[in-house]
Amino acid sequence: MQFDDQGDLDTSQVDDRRGIPGGKVAIGGGAVGLIAVLFAVVLGVDPQLLGLSSGSGSVSSPGVRTAGEAQQACKTGADANKRQDCRIVAVTNSLQDFWRTELPRRTNIAYRSAETVLFTGQVSTACGPATSAVGPFYCPGDRKAYVDLGFFNELSSRFGAKGGPFAESYVVAHEYGHHIQNLTGAMQKAAGDRQGANSGSVRLELQADCYAGVWAHHATTTPQPSTGRPLIASLTDQDIAQGLDAAAAVGDDRIQQQATGRINPEAWTHGSAEQRKAWFTTGYRSGDLAQCDTFSAARP
């Protein structure tokens, strides 16, 4: 994955809160809480919406960085080719450039900008407080995607993903898929139907995977308004393989097998490894938003 060295990075789309102390945030305790947290770390919507931010225990923010570092360090695509945080800025820029044009073209719904929030340890959101334990998430209340960059190490060390720049990009693109669902009203279709292989929650998550694939299809042809050139200069087959590997690593069946030693589809909230790969692939190969209607599909 390569960015245009002379591309412009718009850091106004990223709120870098790393290193900002935030006190303590309660997280779910006990065995049930642990399993819930494991299920939450599959790139979903804000954990507060799933009832995961109440219970016993607390986590303090380590505050290891200076707030706003990305704003100072991330100026061009060359920076994105060198630094992880700048890469997240660049991917955010590319996603918004794409959806700003594609969403109204395909749906007649105006695109409303989102924001990526980088944090460490824990963070306050319009959906409630959350910790790094729940992984990246999207809060519809403030239209922001929240990412602790430490999650990408967890993706490899805990969930067995191979990692890589596009694995990280897939994660961010998935969260922006939730933003599109928020704008189109698709999120409401999953309300009250949160578990099971054919649940609204699973269909919502698989659609976000598909939307991530649609963006990937167009990423190298979506021009930046400031330069007229795509910010993402190239994606290889190996890059796409990284994304598919990351999607599979956080499938419900893989996480259940790791956490409990057995697979229970009735408790799924995000879909199996194969489903997640399949829907990302559908979006990537077609590049067509209309192909991502997981709610009408007989079996997502």
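The values are calculated or read from the model by the stated rules, or taken from the named source; none is laboratory data. Note that the structure is a prediction, hence the values are computed from the model and not measured. Backbone-built Cβ (ideal geometry, glycine too); neighbour counts: all protein chains shown. Note: accessible area is taken over every heavy atom of the protein model, side chains too, but ligands, DNA and RNA are not part of it. Shrake-Rupley method; radii C 1.70, N 1.55, O 1.52, S 1.80 Å.
Pairing residues of the stretch 71-86 that are more than 14 Å from D10 (Cβ to Cβ) with residues that are open to solvent by 50 Å² or more (accessible area, probe 1.4 Å), at Cβ distances under 6 Å and at least 6 apart in sequence or on separate chains, gives A78/D5. Look at the stretch 262-278: where a residue is more than 18 Å from Y211 (Cβ to Cβ) and of a type in the set (G, A, S) and a partner is open to solvent by less than 20 Å² (accessible area, probe 1.4 Å) and in a loop (DSSP other than H, G, I, E, B), sitting 6+ places away or on another chain with Cβ atoms under 7 Å, you get S272/G251; A273/G251.
Scanning the stretch 279-300 for residues that are in contact with a His (Cβ under 9 Å, 6 or more places away or on another chain) and open to solvent by less than 40 Å² (accessible area, probe 1.4 Å) yields F280, G283, G287, D288. Figure legend. Inter-residue proximity from the stretch 204-216: first residues under 21 Å from T236 (Cβ atoms), second residues in a helix (DSSP H, G or I) and of a type in the set (K, R), beta-carbon distance below 9 Å, spacing 6+ or different chains. Indicated pairs: D209/R276; D209/K277; G213/R285. Summed over the stretch 184-221, the residues that are open to solvent by less than 20 Å² (accessible area, probe 1.4 Å) and part of a loop (DSSP other than H, G, I, E, B) give a count of 2.
The residue pairs whose first member lies in the stretch 112-123 and is under 10 Å from Y176 (Cα atoms), whose second member is crowded, with 24+ Cβ neighbours inside 10 Å and of a type in the set (D, E, K, R), and whose beta carbons are closer than 9 Å, counting only pairs six or more residues apart or on different chains, are A114/E175; T116/E175. Taking the stretch 222-278 as the range and being assigned to a helix (DSSP H, G or I), open to solvent by less than 70 Å² (accessible area, probe 1.4 Å) and of a type in the set (S, T, N, Q) as the test, the residues that pass are Q242, Q256, Q275. Of the residues making up the stretch 115-127, those that are within 21 Å of A216 (Cα to Cα) and open to solvent by 10 Å² or more (accessible area, probe 1.4 Å) number 1.
Looking only at residues in the stretch 131-155 that are part of a helix (DSSP H, G or I) and either at pLDDT 95 or above or polar (S, T, N, Q) (or both), which one is most open to solvent (accessible area, probe 1.4 Å)? Here the answer is N153.
Within the stretch 120-130, being in a strand (DSSP E or B) and of a type in the set (S, T, Y) holds for S124, T125. Scanning the stretch 156-183 for residues that are open to solvent by less than 10 Å² (accessible area, probe 1.4 Å) and farther than 28 Å from Q2 by Cβ yields one hit, Q181.
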